[in-house]
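All remarks here apply to the structure that follows.
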Amino acid sequence: MSELKLCQGPKCHQYHTKDRLKGPKDNKTYQTRRRSSLYYGSGNFCSMQCYNDWAEEFIDRAVDHFGRLTEPKHLNENNAWYKDYSWDSSYQSRSYIMRNDITKEQRPITREQYNNESYTLNS
Ligand SMILES: [Zn+2]
């Protein structure tokens with residue numbers, strides 16, 4: 001049996017739904033939801049409500065912890081690369097490319113580079 005994940009919503013147990021009511025017949029309590037998979041907030045929350053409850057309580061500390069922006073970011077030729085693909089009708093296959101949103105330059109990349117989430121030309 002797969003490991004069950006607990007919803008990380010701080011108020012999950014406060015929502016009165018039948019599926020949260022657990023325990024022995026004479027001592028049921030509303031409990032945090034446990035599921036084999038959760039679909040919100042990268043698999044950490046059972047619902048958008050729980051995701052929002054978490055954000056309301058912790059988002060300021062999370063942003064401070066991971067680095068609050070103090071100046072606007074600028075899109076320029078060094079960080080404007082993004083992945084794209086097009087249909088190559090002569091080869092009947094996809095061709096993968098990096099496009100630069102500023103310079104409009106295009107560079108071919110391999111399918112492996114396209115699928116590699118950490119592959120980038122941005123600096
Ligand atoms: Zn929840």
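The values are calculated or read from the model by the stated rules, or taken from the named source; none is laboratory data. The structure presented is a predicted model; accordingly, all values stated were derived computationally and were not measured. Positions of Cβ are generated from backbone atoms using ideal geometry, with glycine treated the same way; all protein chains shown enter the neighbour counts. These area figures cover heavy atoms from the full protein model, side chains too; ligands, DNA and RNA do not enter into them. Shrake-Rupley method; radii C 1.70, N 1.55, O 1.52, S 1.80 Å.
Taking every C-alpha pair closer than 8 Å and separated by at least 6 residues, the mean separation divided by the residue count of the chain gives a relative contact order of 17 percent. Note on the chain: along the principal axes its Cα atoms extend 69, 44, 19 Å, ordered by decreasing extent. Once the 1.4 Å probe is applied to the protein heavy atoms, the chain comes out at 81 Å² accessible per residue. The calculated 222 nm mean residue ellipticity attributable to helices in the chain amounts to -6000 deg cm²/dmol, summing -39500 (n - 2.57) over DSSP H runs of n ≥ 4 and dividing by all residues. Helix 48-66 axis versus longest C-alpha principal axis of the chain: approximately 60°, rounded to the nearest ten. Carbon and sulfur atoms: what percent of the 1.4 Å accessible area of the chain do they account for? The computed percentage sits at 48.
Summing Lys and Arg as +1 and Asp and Glu as -1 over all other residues whose Cβ lies under 14 Å from the Cβ of K28 gives a net charge of +2. Decide, for region 1-59, between rounded, prolate and oblate: order the square roots of the alpha carbon gyration tensor eigenvalues as a ≥ b ≥ c, take rounded if a/c falls under 1.5, and otherwise choose prolate if a/b is larger than b/c, else oblate. The shape class here is oblate. The base-10 log of I(q)/I(0) for region 28-86, evaluated at q = 0.19 Å⁻¹, reads -0.90 [Debye formula, identical scatterers on Cα atoms, solvent excluded].
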